1. Out of all DSSP beta bridges with both ends in the chain, state the antiparallel percent to the nearest 5.
2. Applying 1/(1 + (r/R0)^6) with R0 = 30 Å to the Cβ-Cβ distance of S196 and E30, what FRET efficiency is obtained, to the nearest 0.05?
3. Determine which residues of segment 65-79 fall in the zone a paramagnetic label at R113 would reach in this model, i.e. backbone nitrogen under 18 Å from the point 7 Å along Cα→Cβ.
4. For a footprinting-style exposure proxy, rank S17, S177 by other Cβ within 10 Å, fewest first.
5. Using a simple spin-label model with points 7 Å from Cα along the Cα→Cβ vector, what separation in nm is obtained for S145 and S177?
6. Most mobile of P11, P134, P88 per a Gaussian network model of the chain (Cα springs, under 10 Å)?
7. Evaluate the distance, in nm, between pseudo-label points positioned 7 Å from the Cα of S64 and of R86 along their respective Cα→Cβ axes.
8. Taking 8 Å as the Cα distance limit and 6 or more residues as the minimum spacing, I'd like the relative contact order of the chain as a percentage.
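Please treat every number below as a calculation from the coordinates, not as lab data. What you see is a predicted model, and the numbers here were worked out from it, not measured in a lab. Heads up, the Cβs are rebuilt from the backbone with ideal geometry, glycines too, and the neighbour counts pull from every protein chain shown.
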Amino acid sequence: MPPQVIAIDGPAGSGKSTVARAVADRLGLEYLDTGAMYRGVAHAVLRRGVDLNDAEAVATVARSVDLDVTGSRCLVDGEDASEAIRGPEVTAAVSAVAANPAVRVELVKRQRRWVDELGGGVMEGRDIGSVVFPDAELKVYLTASAEVRARRRADEFPGMGVQQVAAEIRLRDDADSSRAASPLITADGARVLDTSDLTVRDAVDAIVEMLE
């Protein structure tokens, strides 16, 4: 039986992580935050003092780093980096790391291996339905208004104003959508779900109904 994959993609602040985790809990499936994997590589690059502009050196880190992303926990080379990967330093670096084609090749291999080992699960990111698992059982593209997305991210980062967060989101959106390697797009066959006015439970209910 082929692995059963629910692919949830979308831009920052669309609710991907919260909704995907809740869908996995509802259905009793494993959950993988692929964005945390890219953040984990960025963290390792910074910790090792590697130049972000040295594409081959960054790719070498991606291929050698010990990553363990389980639920909301992220271990990088055995260190619990769950909080560090969400900090401003990694946030500023992750777009450059994610745009590296060799990094994406390596992490896509790891993501597919994760599915093979577990027999499927809920995966969220920016290229799951378009690149990693284009034949996923269900592909969902989450979106939300710019105002809602900025407010959600500002709530996650106390001390940062909504306007500052909105500006950073615009930069991330531009970087993710314009990169040559696996840009952020709505995958063929994906169901678009606007979460602007939905609670997490509403969004989960909608996705489960899509499956049924």
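1. Working: 6 of 23 bridges.
Looking only at bridges with both residues in the chain, the antiparallel portion is about 25 percent.
2. Working: r = 28 Å, r/R0 = 0.94.
Once the sixth-power term is evaluated, E becomes 0.60.
3. From segment 65-79, the list is 65-71, 74-79.
4. On the way: S17 18, S177 12.
The order, fewest Cβ neighbours first, is S177, S17.
5. Distance between label points: 1.8 nm.
6. Of P11, P134, P88, the most mobile in the Gaussian network model is P88.
7. With each label point 7 Å from Cα toward Cβ, the separation is 3.0 nm.
8. Working: 345 pairs, mean separation 69.9, N = 212.
Value for the chain: 33 percent.
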